[in-house]
Amino acid sequence: MFNKILIANRGEIACRVMRTARALGYRTVAVYSDADANAPHVSLADEAIALGGNTAAESYLRADALIEAAKRCGADAIHPGYGFLSERADFAQAVVDAGLVFIGPPASAIIAMGNKAGAKRRMIEAGVPCAPGYLGEEQDEATLLREAQALGYPLLVKAVAGGGGRGMRLVHKAEELEAGITGARREAKSAFGDGTLMLERLIERGRHIEIQVFADGHGHAVHLGERDCTAQRRRQKVIEEAPSPVVSETMRHAMGRDAVAAALAVGYVGAGTVEFIVDDAMNHFFLEMNTRLQVEHPVTECITGLDLVEWQLRVAAGEVLPLTQSQIAFKGHAIEARLYAEDPYAGFAPQTGRIEWWRPQIAARQSGVRIDDGIVECGEVSPYYDAMVAKLIVHGRDREDAIRRLAAALEDAPLLGLVNNGRFLRDLIQHPDFRAARMHTSLLDDWAVAGEPLLQRPQPSDTDWLIAAALLALPEDEASVSASLSLPLSSFDLKLKHDDEGERRYRARLVAGNTVQLAPVGSQTTHRVQWLGRDADGRLRVSVDGVQRWLIALREGMRLQLVSDAAVFVFEEPSPIPASADANDPLRAIAPVAGLVAQVLVKPGDVVAEGQPMLSVEAMKMEMWLSAACAGRVKAVHAAPQESVAAGALLIELETLETEQ
C-alpha cells in the first residue's frame, strides 16, 4: 500500500497522473527542472521539489535525485510516466530497493522486454512472428555493415534501449549506413545511456498497430484492444486512433492473444503495449514492447470507458485486475492528435518561445472532446524536452463522427505565440488517404519529398486580410473602441504585411457603430467590418459584410495574430527600417532553433565545400544540421559540443577563399 506518489516526469503526463491520483485520494509530489519552475505540473501537485538543471540529464534522468526527493517529502511510491526513466530497469529496481513502490512492471520484465533485441529473441522462441533483422551482441561497425548487406535495404538502425523514436535511423542504401549507425548510437547514448544497436528489415508501406495489455500480480492478464498509430513523421507518431480502421475482429483476437502471451511470458505487471507492424497482406510482425503507459493511452480509455492510470495504481497496490477479458467491451471510435511545437511546413523543425494564447476550455466544452496538456498561457516552451505540448482527444459514435469532432476541436483550441502543427493536424485527418485508411508509416515522409499540398504552408484568404486590416485600424484599447467611435473620422491609408504573401494596402475609414469601412487600394469594392464585442473566453465577435462570426485574434501594437481554420496568421504594419541581412548571409551560419550543440565537424582554417555539414543542433528529439551555404574557409566557430545556444545565435563564420590572397 502507499499514500503519497512522486511523479518522476513533467508536462501533460505528470498532470494526467496527478488528476487520477487525487481522485483516488492519493497525495502527489511533483519534481521540476529550472526550465520547468513555472510549469503547470508544479502547482498542480500537493508538493513540489526542485531537481536543478535544465536538460533531462541534469534533472529528470537523475535517478538518485528522484529517490532522494521521494524520501524527503515522505512519498512511498513513484510513478515514472513515460519517457525519461520509465523503461529503465535499474531505476525500477532502485525504487524498490529504497523501500518504495514502483508503479510499473518489475525490473525483470523491463529487462526482458525493454531491450528490443532481447525481446525479439524471446518472441521468436515463443513463435510470435518478427521482421527479419540482426539482434547480435557484436556491435563493431564492420559487423553491422556486413549484417546490413546480408539483410538488404531499406532497413532501420534502432537502439535496443528506450523508445519514442529516439536512436532510430532509416537507411535506404549502403552509402547511408555509416552515418545512420553513428547518429543512432550517439542519440541512444544521450537519451538512454546505452548505444547498443540492432538492425531490422523495413516492412515497407506498413501500418503500426499496437495492443494495450494489462497484468496484475496474481497471474491475470488482459488486452484492451488495439490502437492504430500509422500516421507518423520521421518514425514518431502524430495521430492515433482506436479501434484501427483496418483490423477485423479475427485479427484483433489473434494480436490480442499474442500480446497477452508475451506479457505473461515475462511475468509482466501493470500497463504495457505490444507494438506490431502490419504489411499489405495484413500479416503482423512483433516490433517491441513498451513497458510503460503510452502517450496515446487516452483513445483506449475513450472506447473502453476505463481509467488506465487508475488501473495502474490499483495493480501497484496489489489489487486484482478490475475486469476479466470477457467483461471488456469497446464502444465508438476515438482519435488523438499530438499538438507539437514544430513547423510542419519547414521539415517539422522544432520551435520554442512564449505561449501567448492557450485556452483549450473552449474546445473541451464540446461533447466527446478531451484535452490533456502540460502548458499554460504566458508559459515558455523550452528546447530541452519533447516538442509535444498537448493532446487533443475525441470520442465519437463512429470514425467519421470522431474526425468531424477533432477537426472542430483543433479549430477551437489554437496555440498562439509560437509555430505549431495545429492546422497540419486538421488538414491531415481530413485528407482522403487518412479518411480511406490508406496511410502507412512512411507516407508523410514520402509526401514531404513529393511536395504534397498538405505540407505546403497555408496562406490567408482575402477575408483574413480584410479582418486583420479592420482590427488593426481600430484603436488598440478595447475601451476606446466603444467610447471613441460615435463620430465619423477622416479616412487614412493602412499598409499590411504577411510574411509569406507580401503586402496589401487598404483605404480605411472609421465610422459610427464601431465599424471600419475598407477598400483595397486600386479596387472600387468597399467592405464593412463591425466590432460586436468579446466573450468571457476572449474571443471576438465581428460582422464582415453582414455575416457575423466568432474569431480568435491577439494584437500587440501593430502586430496581429489571427486564427483562421486552425491556422495562425501574423499580420503587421511593415517597419520602415530594413531587416538585417544576417539571416541570409551565406558566410554566417546561425542556429535554426534554441537547443544543444550535438556535433561540430569543422575548426577555424578548414576549407568547406557548399553543402558540407559543419555543425548539428539538437532540440526536442530532433537533430538539425547546419551545412555550408557556399564554399569557403572557416573563419570562426562560436559554439562547442553540449553548449546551449539560442535561436538565431551565430555559430560559424566563413570567409571566401579569395580573401587568402
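Using the count of nearby Cβ atoms within 10 Å as a rough guide to exposure, how do SER43, SER326 rank from fewest to most? Can you show the working numbers first?
Working: SER43 10, SER326 7.
Ordered by Cβ neighbours within 10 Å, fewest first: SER326, SER43.
Give me the orientation-averaged projected area of the Cα convex hull of the stretch 13-162, in nm², one decimal.
On the way: hull surface 46.8 nm².
Quarter of the Cα hull surface area: 11.7 nm².
Hey, can you rank 94-107, 287-300 by average C-beta count inside 10 Å, highest first?
Numbers: 94-107: 20.2, 287-300: 25.5.
Ranked by mean Cβ neighbours within 10 Å, highest first: 287-300, 94-107.
If each residue of separation counts as 0.36 nm, what is the full-extension length gain between ASP446 and SER543 once their alpha-carbon separation is subtracted? Display every interim value, and only then the final one.
On the way: separation 97, 0.36 × 97 = 34.92 nm, distance 4.18 nm.
Separation in residues times 0.36 nm, less the Cα-Cα distance, equals 30.7 nm.
Of the listed peptides 33-40, 535-542, what is their order by residue-averaged count of other C-beta atoms within 10 Å, with the highest listed first?
Values: 33-40: 18.5, 535-542: 13.9.
For the peptides 33-40, 535-542, the packing ranking is 33-40, 535-542.
Straight-line reach from LYS189: which lysines fall under 27 Å, measuring Cα to Cα and dropping same-chain residues less than 8 apart?
Output for LYS189: LYS116, LYS120, LYS158, LYS173, LYS237, LYS603, LYS621.
Relative contact order for the stretch 60-196: what percent, with Cα pairs under 8 Å and sequence separation of 6 or more?
On the way: 166 pairs, mean separation 22.1, N = 137.
Once normalised by length, the contact order is 16 percent.
Check which residues have an amide H placed less than 5 Å from TYR385's amide H, if you skip close sequence neighbours.
Those qualifying (amide H under 5 Å, at least 5 residues apart or on another chain) are MET620.
For the chain, what is the mean residue ellipticity at 222 nm derived from helices alone (per DSSP H run of n ≥ 4: -39500 (n - 2.57); sum divided by total residues; nearest 500 deg cm²/dmol)?
It comes out at -7500 deg cm²/dmol, rounded to the nearest 500.
Got a sec? How would THR55, THR273 order by Cβ neighbour count within 10 Å, fewest to most? Could the numbers behind the result be given before it?
Working: THR55 19, THR273 23.
Listing THR55, THR273 from fewest to most nearby Cβ atoms yields THR55, THR273.
So in the chain, what percent of DSSP beta bridges are antiparallel if you round to the nearest 5?
Working: 118 of 132 bridges.
Of the beta bridges lying entirely in the chain, close to 90 percent run antiparallel.
Relative to the longest principal axis of the C-alpha atoms of the chain, give the angle of the C-alpha long axis of helix 116-126, reported between 0 and 90° and rounded to the nearest 10°.
50
Cα atoms only, the stretch 207-455: Rg and Dmax in Å?
My reading of the Cα-based Rg and Dmax gives 18.2, 53 Å.
Can you sort CYS630, CYS302 by how many other beta carbons sit within 10 Å, fewest first? Can you show the working numbers first?
Details: CYS630 14, CYS302 25.
Starting with the residue having the fewest Cβ neighbours, the order is CYS630, CYS302.
Amide H neighbours of THR196 under 5 Å, counting only residues 5+ apart in sequence or on other chains, H built in-plane at 1.01 Å?
VAL160
Kindly write out, for the stretch 196-210 in residue order, the coupling ³J(HN,Hα) from the Karplus curve 6.51 cos²θ - 1.76 cosθ + 1.60 (θ = phi - 60°), rounded to whole Hz, with x marking Gly and Pro.
Going residue by residue, I get 5, 10, 9, 10, 9, 5, 6, 7, 6, 6, x, 10, 9, 10, 10 Hz, with x marking Gly and Pro.
Round to the nearest 0.05 the FRET efficiency obtained for LEU551 and ALA329 when R0 = 60 Å and r is the Cβ-Cβ distance.
On the way: r = 41 Å, r/R0 = 0.69.
So, using R0 = 60 Å, E works out to roughly 0.90.
Taking only C-alpha pairs under 8 Å that are 6+ residues apart, what is the relative contact order of the chain in percent?
Numbers: 1470 pairs, mean separation 60.2, N = 661.
In percent, rounded to a whole number, it is 9.
Report the relative contact order of the stretch 269-328, percent, no decimals, based on alpha-carbon pairs under 8 angstrom and at least 6 residues apart. If you can, show how the numbers build up before the last one.
On the way: 54 pairs, mean separation 17.4, N = 60.
The value is 29 percent.
If you take the Cα atoms of the stretch 590-661, find Rg, then find the Kirkwood Rh from the mean of 1/r over all pairs, what is Rg/Rh? Don't skip to the answer; put the middle values down first.
Working: Rg = 12.0 Å, Rh = 12.2 Å.
With Rg and the Kirkwood Rh in hand, the quotient comes to 0.98.
With the radius of gyration and the Kirkwood radius both derived from the Cα set of the stretch 502-661, what is their ratio Rg to Rh?
Numbers: Rg = 23.9 Å, Rh = 20.0 Å.
Value, to two decimals: 1.19.
Using each residue's phi in the stretch 173-189, evaluate 6.51 cos²θ - 1.76 cosθ + 1.60 at θ = phi - 60° and report the 3J(HN,Hα) Karplus result to the nearest Hz, with x for Gly and Pro.
8, 4, 5, 8, 5, 4, 5, x, 5, 4, x, 5, 5, 5, 5, 5, 4
What residues qualify as long-range amide H neighbours of MET614, i.e. H under 5 Å apart, gap of 5 or more or another chain, H built at 1.01 Å from N?
LEU626, SER627, ALA628
Over what distance in Å are the Cα centres of the stretch 403-421 and the stretch 1-72 separated?
Comparing the Cα centres of the stretch 403-421 and the stretch 1-72, I get a distance of 28 Å.
Read phi for every residue in the stretch 320-332 and hand back ³J(HN,Hα) as whole Hz from Karplus 6.51 cos²θ - 1.76 cosθ + 1.60, θ = phi - 60°, with x for Gly and Pro.
Once rounded to whole Hz, the list reads 7, 3, x, 9, 8, 4, 5, 8, 8, 10, 10, 9, x.
Please compute the Kirkwood hydrodynamic radius of the chain from all pairs of different C-alpha atoms, in Å with one decimal.
The answer is 26.9 Å.
Can you give me the Rg/Rh ratio for the stretch 3-94, using Cα atoms for both radii and the Kirkwood formula for Rh?
0.92
Quick note: the coordinates plus some simple rules give every number you see, no bench work behind them. This is a predicted model, so every value here is computed, not measured. Don't worry about glycine lacking a Cβ; one is built from the backbone with ideal geometry, like all the others, and counts go over all protein chains shown.
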